[in-house]
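Visitor: There's a structure below that I have some questions on.
The values are calculated or read from the model by the stated rules, or taken from the named source; none is laboratory data. Note that the structure is predicted; figures quoted are calculated from it, not measured. Cβ atoms come from the backbone with ideal geometry, glycine included; neighbour counts cover every protein chain shown. Surface areas here come from the heavy atoms of the whole protein model, side chains and all, with no ligands, DNA or RNA. Shrake-Rupley method; radii C 1.70, N 1.55, O 1.52, S 1.80 Å.
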Amino acid sequence: MTAPVFKPWLARQAYSLLLRLGTPAYLWRIWSRGKVEPGYREAWPQRLGLYDAAYRRAWCDGAGTPARPVVWVHAVSLGEARAAAPLIQALRTQRPSMRLLLTHSTATGREAGRALLQPGDVQTWFPFDTPGAVKRFLAMHRPSVGVLMETEVWPNVQHVARRMGVPMVLANARLSEKSLKQGMRLAALMRPAAQALTAALAQTPDDARRLQAMGTQDVRVCGNVKFDMSPPPTLLAQGQAWSKASARPIVLAASTREGEEPGLLDAWMALRRSPNWPPLGDAPRLMIVPRHPQRFEEVASLITQTGVSLSRRSTWPDGQPDASAREAEVWLGDSMGEMPAYYAAAHVALLGGSFAPLGGQNLIEAAACGCPVIMGPHTFNFAEASELSEVAGAACRAPDITSAVMKSVSFCNDETRFGMAKKAGDFAHQHKGAAQGMAALIWGFTPPHVRGNV
């Protein structure tokens, strides 16, 4: 009779022991990543729940009260930080006095998250999921509610938060069939973590079904807050200026992942050598934007190995393509925070992560920028959004990267793309509104003394 209770306890204890023993390796990995992305080395003791005197003073000077509750939002990386923006704005609209505690696990997320802070807000690293680090983090900040974006469920965070009375909400929640199967293989560890969630606010009915199968008790379908993201007009104007400077159509390979670029470049070069390649004035330009900044150098090397001329966004004077850039056949988007500009510059985008079994990237941002998308066969991370965009005529699908490259090149000089671009913008607009609904639910999960001040 005790096995069902003992087994999860034992699994979490074993997991915690492994993390404790692996802490030196974890810190070494963080420090090593800092060689390429210096942001990883910034305030690194915070990852262990250790805070210096300056941080403690900054936090204590604006300590939370029922009249000014602390909302903890965890946005692990760049994509989640972008998705968190409309939700945080909605939370502030409904409770202007709130104080934001914003955490991340990656340097790109931390950099993007700075733009979400207001006076009195605090940004720190997400604690390593050992009991000690989590207890120190929660004891220090004592949030009124914790909001984890999309897929972040951690056994000790969930366990300690429940024991300390901190309601935890998984917002904009998604769970693929693959992730569910992986979680079920570790059910003794992950099911209690899912059960400890106060609620999950799912993107789709399928996500809700899988979250319930994982063990979450209160699951509600709320839509996707990424539809509420509005691309900054300055970045859209910047991308349009790049497009004008190019004087050639631009095919964007957006958020490419490791292993995708070689096939992309092979397909591009093969088509370039074929009799069907457009004449010079009409020939498109390829722009590649890797998903992760630590791969910029690797991708630049892959491009130069093909023998084509390359221009890197980071070398453009005043952020605009110069004469040498306009002569280059391939542009490398080696900058952060400019994805809307890349979409605005492009005639069509190839969706990264969808041409290898990686699940695809979010295509909602492309739609919001009015950029048509060609997807590969692997979009299980964003299955419903991908299917809806296809039905709406905002995107189409290709069976492989070779077919996608051929389709993208022919698409550049096809006037039907204008209709598809309009459909993309309409598609993004029609699905707005999830952020306000999620924010109202999150405030409803806060303790009574906080809700009484809403």
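Visitor: Any residue in region 304-313 that is over 17 Å from the mean Cα position of the chain (by Cα), open to solvent by 10 Å² or more (accessible area, probe 1.4 Å), hydrophobic (A, V, I, L, M, F, W, C) and on the phi < 0 side of the Ramachandran plot?
Guide: Looking for residues that are over 17 Å from the mean Cα position of the chain (by Cα), open to solvent by 10 Å² or more (accessible area, probe 1.4 Å), hydrophobic (A, V, I, L, M, F, W, C) and on the phi < 0 side of the Ramachandran plot, one finds at least one in region 304-313, hence yes.
Visitor: Can you pull out every residue in region 315-363 that is closer than 23 Å to Ser77 by Cα, free of Cβ contacts under 8 Å to residues at least 60 places away in the same chain and outside any loop (DSSP other than H, G, I, E, B)?
Guide: Once the filter is applied, which keeps residues that are closer than 23 Å to Ser77 by Cα, free of Cβ contacts under 8 Å to residues at least 60 places away in the same chain and outside any loop (DSSP other than H, G, I, E, B), region 315-363 yields only Leu332.
Visitor: Counting just the residues of region 191-234 that are assigned to a loop (DSSP other than H, G, I, E, B) and of a type in the set (A, V, I, L, M), which one comes out most open to solvent (accessible area, probe 1.4 Å)?
Guide: Among those residues, the one meeting the criterion is Met229.
Visitor: Quick check on region 281-288. Is at least one of its residues open to solvent by 10 Å² or more (accessible area, probe 1.4 Å), without any contact (Cβ under 8 Å) to a residue 12 or more places away in the chain and among the acidic types (Asp, Glu)?
Guide: Step one: filter region 281-288 for residues open to solvent by 10 Å² or more (accessible area, probe 1.4 Å), giving 281-282.
If we keep only those that are without any contact (Cβ under 8 Å) to a residue 12 or more places away in the chain as well, we get none.
Checking region 281-288: not a single residue is open to solvent by 10 Å² or more (accessible area, probe 1.4 Å), without any contact (Cβ under 8 Å) to a residue 12 or more places away in the chain and among the acidic types (Asp, Glu).
Listed here are the residues, each with its yes/no results for (1) β-branched (Val, Ile, Thr); (2) within 18 Å of Ala253 (Cα to Cα); (3) open to solvent by less than 20 Å² (accessible area, probe 1.4 Å).
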residue: Gly319; (1), (2), (3): no, no, yes
residue: Gly353; (1), (2), (3): no, yes, yes
residue: Ala366; (1), (2), (3): no, yes, yes
residue: Met375; (1), (2), (3): no, yes, yes
residue: Phe380; (1), (2), (3): no, no, no
residue: Glu387; (1), (2), (3): no, no, no
residue: Ala392; (1), (2), (3): no, no, no
residue: Val409; (1), (2), (3): yes, yes, yes
residue: Gly419; (1), (2), (3): no, no, no
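Visitor: Assuming Ser176 fulfils every condition listed in (1) in contact with a Gly (Cβ under 9 Å, 6 or more places away or on another chain); (2) farther than 18 Å from Asn362 by Cβ; (3) among the small types (Gly, Ala, Ser) apart from one, which condition is it?
Guide: Here Ser176 clears every test but (2).
Visitor: For region 377-449, list the helices (runs of 4 or more DSSP H) that sit wholly inside it and hold at least 2 residues that are farther than 21 Å from Pro284 by Cα; which are they? Break it down stepwise before answering.
Guide: On the way: elements: 383-392, 401-412, 416-430, 434-444.
By residue number, 383-392, 416-430, 434-444.
Visitor: From the set of residues in region 132-177 that are crowded, with 24+ Cβ neighbours inside 10 Å and among the polar types (S, T, N, Q), which is farthest from the chain's Cα centre (by Cα)?
Guide: It comes out as Ser144.
Visitor: Condition first: among the small types (Gly, Ala, Ser) and either over 22 Å from Arg136 (Cβ atoms) or modelled with pLDDT under 95 (or both). Can you find one or more residues in region 92-104 that meet it?
Guide: Quick first cut of region 92-104, residues among the small types (Gly, Ala, Ser) only: 97.
Filter once more, so that each one left must be either over 22 Å from Arg136 (Cβ atoms) or modelled with pLDDT under 95 (or both): 97.
The answer is yes, given that some residue of region 92-104 is among the small types (Gly, Ala, Ser) and either over 22 Å from Arg136 (Cβ atoms) or modelled with pLDDT under 95 (or both).
Visitor: Yes or no: region 63-70 includes at least one residue that is open to solvent by less than 30 Å² (accessible area, probe 1.4 Å) and out of contact with any Pro (no Cβ under 9 Å at 6 or more places or on another chain).
Guide: Residues of region 63-70 that are open to solvent by less than 30 Å² (accessible area, probe 1.4 Å), as a first pass: 69-70.
Applying the additional criterion that residues be out of contact with any Pro (no Cβ under 9 Å at 6 or more places or on another chain) yields none.
No: zero hits.
Visitor: Among Arg12, Arg33, Arg29, which is of a type in the set (Lys, Arg) and at pLDDT 95 or above? Step through it out loud before you land on a result.
Guide: Numbers: Arg12 fails: at pLDDT 95 or above; Arg33 fails: at pLDDT 95 or above.
The unique qualifying residue is Arg29.
Visitor: If you go through region 211-251, how many residues are among the basic types (Lys, Arg) and in contact with a Lys or Arg (Cβ under 9 Å, 6 or more places away or on another chain)?
Guide: Taking region 211-251 first, the residues among the basic types (Lys, Arg) are 220, 226, 244, 248.
Adding the requirement that they be in contact with a Lys or Arg (Cβ under 9 Å, 6 or more places away or on another chain) leaves 226, 248.
Counting residues in region 211-251 that are among the basic types (Lys, Arg) and in contact with a Lys or Arg (Cβ under 9 Å, 6 or more places away or on another chain) gives 2.
Visitor: Follow-up. Looking at Ala75, is it at negative phi and either modelled with pLDDT of 95 or more or in contact with a Gly (Cβ under 9 Å, 6 or more places away or on another chain) (or both)?
Guide: Values: at negative phi: yes; either modelled with pLDDT of 95 or more or in contact with a Gly (Cβ under 9 Å, 6 or more places away or on another chain) (or both): yes.
Yes; evaluated as a whole, the condition is true for this residue.
Visitor: Something else now. Only one residue in Arg95, Arg82 is open to solvent by less than 20 Å² (accessible area, probe 1.4 Å), under 25 Å from Asn224 (Cβ atoms) and of a type in the set (Lys, Arg), so which one is that? Walk me through how you get there before you give the answer.
Guide: Values: Arg82 fails: open to solvent by less than 20 Å² (accessible area, probe 1.4 Å).
From the options Arg95, Arg82, the qualifying one is Arg95.
Visitor: While we're on this one: I need the full set of residues from region 236-261 which are open to solvent by less than 30 Å² (accessible area, probe 1.4 Å), in contact with a Cys (Cβ under 9 Å, 6 or more places away or on another chain) and either within 22 Å of Leu358 (Cβ to Cβ) or not in a loop (DSSP other than H, G, I, E, B) (or both), in order please.
Guide: Of everything in region 236-261, those that are open to solvent by less than 30 Å² (accessible area, probe 1.4 Å), in contact with a Cys (Cβ under 9 Å, 6 or more places away or on another chain) and either within 22 Å of Leu358 (Cβ to Cβ) or not in a loop (DSSP other than H, G, I, E, B) (or both) turn out to be Gly239, Ile250, Val251, Leu252, Ala254.
Visitor: Within region 330-346, which residues are open to solvent by 30 Å² or more (accessible area, probe 1.4 Å) and at negative phi? Break it down into steps so the answer makes sense when it comes.
Guide: Within region 330-346, the first condition is being open to solvent by 30 Å² or more (accessible area, probe 1.4 Å), and the residues that meet it are 336-337.
Passing the criteria: only Met336.
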